[in-house]
Every structure is written in structure tokens, then in C-alpha cells.
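Asker: Before anything else, here's the structure in question.
Read the figures in this text as sums done on the coordinates, not as results from a lab. If you're wondering where the values come from, they're calculated on a predicted model, not measured in any experiment. FYI the Cβ positions are ideal-geometry reconstructions off the backbone, even for glycines, and counts take in every protein chain you see.
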Amino acid sequence: MYNKKASYTLLNLIGVWLLCSSLTAFSCTAQGSKTRLLIRIDDMGFSHAVNLACLETYTKGIARSVEVLVTGPWFEEAAQMLRDHPGLDAGVHLTLTSEWSNLKWRPLTQASSLVDEDGYFFPMIWRNRNFPELGYLKSVDWNLSEVEAEWRAQIELAKKKIPQLSHLSGHMGCQNISPEARELMFKLAEEYELDIHLEQAGVKWAPSWSGNQYSGEEKEERFLQMLQSLEQGDWLVVEHPGYDVLELQTVGHKGYENVAADRAGVTKVFTSERVAEYLQSNNIELISYKDLK
């Protein structure tokens, strides 16, 4: 016998199932099409002011990953700060240069082909128009085996001191000195289980918004405009926080003399309430390198 009530019940159950399936599919699609932002801050370890600023942009701001200069003179303080803040994702910023005029650092290893006559890393990888009279690494007969030994030493010291390491990156693009050096970085990343590759993960560079010609207020406006231009997907922002204090005011080189003011502007942007409110109201998710594992 035909049961009208049972038929209606069955139809209702089917309708509910279809609705739930649709909502689940929509939820999965929406989750996969979010706008996500990876704020990476570079050069922790080269000065006290930079260490403090990097930490502030994480604890009070939007930074989620930090690159550490293991050869920097303030590396030990940086490592201690990171041990105290295990939630701040960290990467080894592999280094082959010492670019500042009043502040220098040396390799951790005996690497005679990688240093100038004073034993410091060369200021640049490639010839720079601002100081053409100075040597640069690309101009000498540098040795790939010494690069490997030095990078291994930097990675191993960082792993010893910083528990939350997740990835590698190259300071001043040093990994691009040759195709062999780039392959070496990939090999070391895999060997030390630090192999997160942004290109493979589909992360794109965010449009340009910063620059030492802009004030902190201008940087903030330009950053907000940049955020408005972002489409769905994963985006990378790389910048360098700092404070406009005496220590950092002594640092610079020809063509980049306003380091302290420039980097203080970055700190302002990354700790801005306006920026944080915009991200929240527009459902832009902050991620780190380790979220891409």
C-alpha cells in the first residue's frame, strides 16, 4: 500500500542530505579559495634593534615567519628570543655577504674563497653601482665546497639553538650565485628536513608596496592599497623591521643611508591596528612557512 506520509519523510531526508552535501562542498571550496598572507620578516640576528622589532611584529602584529642570520653579531640573542617564543616560525637565512659599511660579519668556517682581505664576507654577491670599487663574491674564484661547508655550519648551529626551524632562505639572493649553488640549497633543505619551497606550494609574491623613499605613514597607506588588490590564493610579503634608534642609525651603505627610518616604517605597518582590522574584516588569513608543510 502506498504510504504518503512515509514518502514525504523519505523526500525530506533526501532533501536534508542534499542540502548538507551542498553546504559541505561549498565550505570546502571556500576554504580552498581563501586569501592567505605569509608575512616574512628578514635579518633577525644582525642588530639588537632589529631583534626587538622582529619580535614586536610577531607578538603585536602580523608577522608569522622570521629569517635568522646565523653569522650576525646578535644571533645568540635572536636564538634566545625564539626559544622564548616557540610560536614564531623561523628559517635559516643562509648568508654569504656582509653588506653594511659600519657593521661586518665573518663566516663560521675557514672559507678563504668567500672572504675579502680582512676576512669578512664580501659586501655583495654581484657588482654594485653604488660601490664599484669594492670587491664582490661573483668576481673571485669562489669554491662551491666551501659554500657547502659554510651553509652546513650555519644550519647546524641554528638547529642547535632554535627548536622551531622549518625552512631555508638565501640572504641577498646568495643562492642564485650559480645554478649549482641553488641546487645545493635545495639538497641541504631536504637533507636537514627544511624543504619548504614556496614556488611548489603555489605562493605568489605580493605586489610591491614598500621602499626607503616612503615614510611610515605612506607605507601604511600603500600596504592597505596592496591588500585590496589581492585575489584569492597564497601571497608572500618579505620586509625588514627595525627601529629608528642610534644603534641602527649607524648602519647603512652608499645608496641606502636611511636604514633605521626605513625599517621603523616597516615595523609601523606590521603592527598597525588599521592593517590588522582590514585583514580581519576581509577574512585574510595569516600563515607561516610551516603551514605549507
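Asker: Identify, from the list Leu134, Leu103, the residue that is of a type in the set (A, V, I, L, M), within 26 Å of the chain's Cα centre (by Cα) and over 24 Å from Arg182 (Cβ atoms). Give the steps one after another, and end with the answer.
Answerer: Details: Leu134 fails: within 26 Å of the chain's Cα centre (by Cα).
The unique qualifying residue is Leu103.
Asker: Could you please give the count of residues in the stretch 237-278 that are surrounded by fewer than 16 Cβ atoms within 10 Å (Cβ to Cβ) and under 21 Å from Ile62 (Cα atoms)?
Answerer: Residues in the stretch 237-278 being surrounded by fewer than 16 Cβ atoms within 10 Å (Cβ to Cβ) and under 21 Å from Ile62 (Cα atoms): 6 in total.
Asker: Then there is this: Taking Asn102 and the conditions (1) in contact with a Phe, Trp or Tyr (Cβ under 9 Å, 6 or more places away or on another chain); (2) polar (S, T, N, Q); (3) in a loop (DSSP other than H, G, I, E, B), which numbered condition does it fall short on, given that it satisfies the others?
Answerer: (1)
Asker: Got a number for residues in the stretch 107-125 being in contact (Cβ under 8 Å) with a residue 24 or more places away in the chain and either surrounded by 15 or more Cβ atoms within 10 Å (Cβ to Cβ) or touching a helix residue (DSSP H, G or I) at 6+ places or on another chain (Cβ under 6 Å) (or both)?
Answerer: Total satisfying the criteria: 11.
Asker: Would the stretch 227-238 turn up any residue that is touching a Pro at 6+ places or on another chain (Cβ under 8 Å) and among the polar types (S, T, N, Q)?
Answerer: The answer is yes, given that some residue of the stretch 227-238 is touching a Pro at 6+ places or on another chain (Cβ under 8 Å) and among the polar types (S, T, N, Q).
Asker: Okay, next question. Between Gly202, Gly211, which is within 28 Å of Asn258 (Cβ to Cβ) and either in contact with a His (Cβ under 6 Å, 6 or more places away or on another chain) or among the small types (Gly, Ala, Ser) (or both)? It would help to see each step written out before you state the result.
Answerer: Numbers: Gly202 fails: within 28 Å of Asn258 (Cβ to Cβ).
Of the residues listed, the single one that is within 28 Å of Asn258 (Cβ to Cβ) and either in contact with a His (Cβ under 6 Å, 6 or more places away or on another chain) or among the small types (Gly, Ala, Ser) (or both) is Gly211.
Asker: If you check Glu239, Glu273, which single one turns out to be among the acidic types (Asp, Glu) and either in contact with a Cys (Cβ under 6 Å, 6 or more places away or on another chain) or in contact (Cβ under 8 Å) with a residue 60 or more places away in the chain (or both)?
Answerer: Numbers: Glu273 fails: either in contact with a Cys (Cβ under 6 Å, 6 or more places away or on another chain) or in contact (Cβ under 8 Å) with a residue 60 or more places away in the chain (or both).
Of the residues listed, the single one that is among the acidic types (Asp, Glu) and either in contact with a Cys (Cβ under 6 Å, 6 or more places away or on another chain) or in contact (Cβ under 8 Å) with a residue 60 or more places away in the chain (or both) is Glu239.
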